[in-house]
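Chemist: Have a look at the structure that comes next, please.
The values are calculated or read from the model by the stated rules, or taken from the named source; none is laboratory data. Quantities reported herein were computed from a predicted structural model and do not represent experimental measurements. Every residue, glycine among them, receives a Cβ derived from its backbone with ideal geometry; neighbour counts consider all protein chains shown.
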Amino acid sequence: MDIMKPSAVIGTNSWGSKAYEKLLRGNSVDCKTISSAVRTAIDKDLLIFDTAQDYGLGKGQKMIGKLCPEDIIISAKFTPGRTYKKGQVRESLERDLKDFGRKYIDIYWLHLPNSIEQNLKEMAELYKEGKIHNIGVSNFSLKECRFAKSVLAGYGIKLYGVQNHYSLLARDWEKNGLVKWCSENGISFWAWAVLEEGILVPPAKNESMGLLRLIFRRRRRKLKPLYKTMNNIGRKYNVTAPQIAIAYCSSKGIVPICGCRKPYQVEQLGEAVKIKLAGKEIRRLETAVNSVNVKVLGADMFRFAVKK
């Protein structure tokens, strides 16, 4: 896999804590199953694993360090608070490196646009030391991304990517020009919550009912016309409706991050990003979304944590 042009990324938000998994997903998987998913990802050349210190109630990163071989590409994050403290990025990175059992991190993201200049200065220093190989930003607006790009350019470093919320139901960053700006500047745009925490997965009989699906039950009922369109398009490619939601993103040049705990989920992700939807199919999906008028938390999801 070319780290500069990834087809998809394995998300690990639910790795590590059985209590966390059961609460949010309605079920948990054992270490052996996740290990099998890792091997499947390697076989499918899906080598980037995305994580953060709080994933799996703090256990996710340690699991990556335990299960993932050296050729896995690690994407990790520093989440800044509203108040800047000198040396905070370095301190956090050293903890990450200990969790992973590595000397460097392939891609390191500034997870929120707090104290942008100070935090990126620290990241640039760590980049020069070889402890970070690529720098990205996450949950940034277009204006903030432009500023981050200019700050890094001052150190002779290219902004690697932007990692924001994007899905068939949440296209704010496309509408406000950020996705286009990334494309024009050779900056990778990664999308998290591509399946909207299960909202874009049609209900099935006897499905595991975690907290998120309970919360979103009413919205999923309203999405029946969209599910029908997704299923109809899916039949053409012999894939499932969720795979069409993933293919929607990848067909637009957006890199989908999808949580995978089981081998079949990795296989389906690999299949989905190989699909190139036709323009008329993309328009059919967007028309169906507009007709159901279901709202999800969009571009401002984490602005409450950003210092004004």
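Chemist: Which one is surrounded by the fewest Cβ atoms within 10 Å (Cβ to Cβ), of the residues in the stretch 163-172 that are closer than 18 Å to PRO113 by Cα and at pLDDT 95 or above? Break it down into steps so the answer makes sense when it comes.
Modeler: Residues of the stretch 163-172 closer than 18 Å to PRO113 by Cα: 163-166, 172.
From what is left, the residues that are at pLDDT 95 or above are 163-166.
On the way: GLN163: 26, ASN164: 27, HIS165: 21, TYR166: 28.
Going through the qualifying residues, I end up with HIS165.
Chemist: Read through the list (1) within 30 Å of LYS32 (Cα to Cα); (2) crowded, with 19+ Cβ neighbours inside 10 Å, then give the number of the only condition that ALA299 fails.
Modeler: Just one mismatch for ALA299, condition (1).
Chemist: Which pairs turn up if I take residues in the stretch 86-109 that are on the phi > 0 side of the Ramachandran plot and look for partners that are part of a helix (DSSP H, G or I) with beta carbon separation below 9 Å, at least 6 apart in sequence or on another chain?
Modeler: Correct list of pairs: GLY87/GLU122; GLY101/GLY65; GLY101/LYS66.
Chemist: Check off (1) in contact with a Ser or Thr (Cβ under 9 Å, 6 or more places away or on another chain); (2) under 30 Å from CYS182 (Cα atoms); (3) of a type in the set (Gly, Ala, Ser); (4) surrounded by fewer than 22 Cβ atoms within 10 Å (Cβ to Cβ) for GLY58 and give me the number that stays unchecked.
Modeler: Every condition holds for GLY58 apart from (2).
Chemist: To continue, here is another question. Which members of the stretch 178-198 meet the condition of being touching a helix residue (DSSP H, G or I) at 6+ places or on another chain (Cβ under 6 Å) and in a loop (DSSP other than H, G, I, E, B)?
Modeler: The answer is VAL194, LEU195.
Chemist: Right, here's the next one. What number of residues within the stretch 90-136 are under 19 Å from the mean Cα position of the chain (by Cα) and more than 23 Å from MET63 (Cβ to Cβ)?
Modeler: 4
Chemist: With the condition kept exactly as written, say whether any residue in the stretch 167-175 is in a strand (DSSP E or B), more than 17 Å from ALA76 (Cβ to Cβ) and not β-branched (Val, Ile, Thr). Step through it out loud before you land on a result.
Modeler: Within the stretch 167-175, the first condition is being in a strand (DSSP E or B), and the residues that meet it are 167, 170.
Now narrow it down to the ones that are more than 17 Å from ALA76 (Cβ to Cβ): 167, 170.
So of that shortlist, the ones also not β-branched (Val, Ile, Thr) come out as 167, 170.
Checking the stretch 167-175: at least one residue is in a strand (DSSP E or B), more than 17 Å from ALA76 (Cβ to Cβ) and not β-branched (Val, Ile, Thr).
Chemist: Let me ask something else about it. One residue is enough: does the stretch 68-77 have a residue meeting the conditions among the hydrophobic types (A, V, I, L, M, F, W, C) and surrounded by fewer than 21 Cβ atoms within 10 Å (Cβ to Cβ)? It would help to see each step written out before you state the result.
Modeler: So in the stretch 68-77, the residues among the hydrophobic types (A, V, I, L, M, F, W, C) come out as 68, 72-74, 76.
Filter once more, keeping what is surrounded by fewer than 21 Cβ atoms within 10 Å (Cβ to Cβ): 72-73.
There is at least one residue in the stretch 68-77 that is among the hydrophobic types (A, V, I, L, M, F, W, C) and surrounded by fewer than 21 Cβ atoms within 10 Å (Cβ to Cβ).
Chemist: Looking at LYS98, is it touching a Gly at 6+ places or on another chain (Cβ under 9 Å), surrounded by fewer than 21 Cβ atoms within 10 Å (Cβ to Cβ) and either among the charged types (D, E, K, R) or not in a loop (DSSP other than H, G, I, E, B) (or both)? Spell out how you get there, then give the answer.
Modeler: Numbers: touching a Gly at 6+ places or on another chain (Cβ under 9 Å): yes; surrounded by fewer than 21 Cβ atoms within 10 Å (Cβ to Cβ): yes; either among the charged types (D, E, K, R) or not in a loop (DSSP other than H, G, I, E, B) (or both): yes.
Against the criterion (touching a Gly at 6+ places or on another chain (Cβ under 9 Å), surrounded by fewer than 21 Cβ atoms within 10 Å (Cβ to Cβ) and either among the charged types (D, E, K, R) or not in a loop (DSSP other than H, G, I, E, B) (or both)), LYS98 qualifies.
Chemist: Based on what the data block shows, is CYS258 hydrophobic (A, V, I, L, M, F, W, C), out of contact with any Leu (no Cβ under 6 Å at 6 or more places or on another chain) and surrounded by 18 or more Cβ atoms within 10 Å (Cβ to Cβ)? Before the answer, list the steps.
Modeler: Numbers: hydrophobic (A, V, I, L, M, F, W, C): yes; out of contact with any Leu (no Cβ under 6 Å at 6 or more places or on another chain): no; surrounded by 18 or more Cβ atoms within 10 Å (Cβ to Cβ): yes.
No: the conditions fail for CYS258.
Chemist: Give the residue that is farthest from ALA170 (Cα to Cα), with candidates limited to residues of the stretch 275-284 that are surrounded by 11 or more Cβ atoms within 10 Å (Cβ to Cβ) and without any contact (Cβ under 8 Å) to a residue 12 or more places away in the chain.
Modeler: Among those that are surrounded by 11 or more Cβ atoms within 10 Å (Cβ to Cβ) and without any contact (Cβ under 8 Å) to a residue 12 or more places away in the chain, it is ALA278.
Chemist: If I go through the stretch 26-49 residue by residue, how many of them are farther than 13 Å from ILE72 by Cα and in a loop (DSSP other than H, G, I, E, B)?
Modeler: Within the stretch 26-49, residues that are farther than 13 Å from ILE72 by Cα and in a loop (DSSP other than H, G, I, E, B) number 5.
Chemist: Against the definition (touching a Phe, Trp or Tyr at 6+ places or on another chain (Cβ under 7 Å), of a type in the set (Val, Ile, Thr) and within 25 Å of GLY60 (Cα to Cα)), how does ILE257 come out, yes or no?
Modeler: Working: touching a Phe, Trp or Tyr at 6+ places or on another chain (Cβ under 7 Å): yes; of a type in the set (Val, Ile, Thr): yes; within 25 Å of GLY60 (Cα to Cα): yes.
So ILE257 fits the description; yes.
Chemist: Name the single residue, out of those in the stretch 285-308 being in a helix (DSSP H, G or I), among the β-branched types (Val, Ile, Thr) and farther than 11 Å from ALA170 by Cα, that is modelled with the highest pLDDT.
Modeler: The initial filter retains those residues of the stretch 285-308 that are in a helix (DSSP H, G or I), namely 285-292, 303-305.
Next, only the ones that are among the β-branched types (Val, Ile, Thr) stay: 287, 289, 292.
Among the residues that remain, those that are also farther than 11 Å from ALA170 by Cα are: 287, 292.
Values: THR287: 97, VAL292: 93.
So, considering only residues that are in a helix (DSSP H, G or I), among the β-branched types (Val, Ile, Thr) and farther than 11 Å from ALA170 by Cα, the one modelled with the highest pLDDT is THR287.
Chemist: So TRP181 clears everything in (1) over 30 Å from ARG221 (Cα atoms); (2) surrounded by fewer than 14 Cβ atoms within 10 Å (Cβ to Cβ) except one condition, right? Which one?
Modeler: (2) is the only condition that TRP181 fails.
Chemist: Does the stretch 145-162 include one or more residues that are at positive phi, crowded, with 20+ Cβ neighbours inside 10 Å, of a type outside the set (Asp, Glu) and in contact with a Leu (Cβ under 7 Å, 6 or more places away or on another chain)? Outline the logic, then answer.
Modeler: Within the stretch 145-162, the subset at positive phi is 156.
Restricting the remaining residues to those that are crowded, with 20+ Cβ neighbours inside 10 Å gives none.
No, every residue in the stretch 145-162 fails to be at positive phi, crowded, with 20+ Cβ neighbours inside 10 Å, of a type outside the set (Asp, Glu) and in contact with a Leu (Cβ under 7 Å, 6 or more places away or on another chain).
Chemist: GLU129 - would you say it is surrounded by fewer than 16 Cβ atoms within 10 Å (Cβ to Cβ) and under 25 Å from GLY65 (Cβ atoms)?
Modeler: Values: surrounded by fewer than 16 Cβ atoms within 10 Å (Cβ to Cβ): yes; under 25 Å from GLY65 (Cβ atoms): yes.
Spelling it out, GLU129 is indeed surrounded by fewer than 16 Cβ atoms within 10 Å (Cβ to Cβ) and under 25 Å from GLY65 (Cβ atoms).
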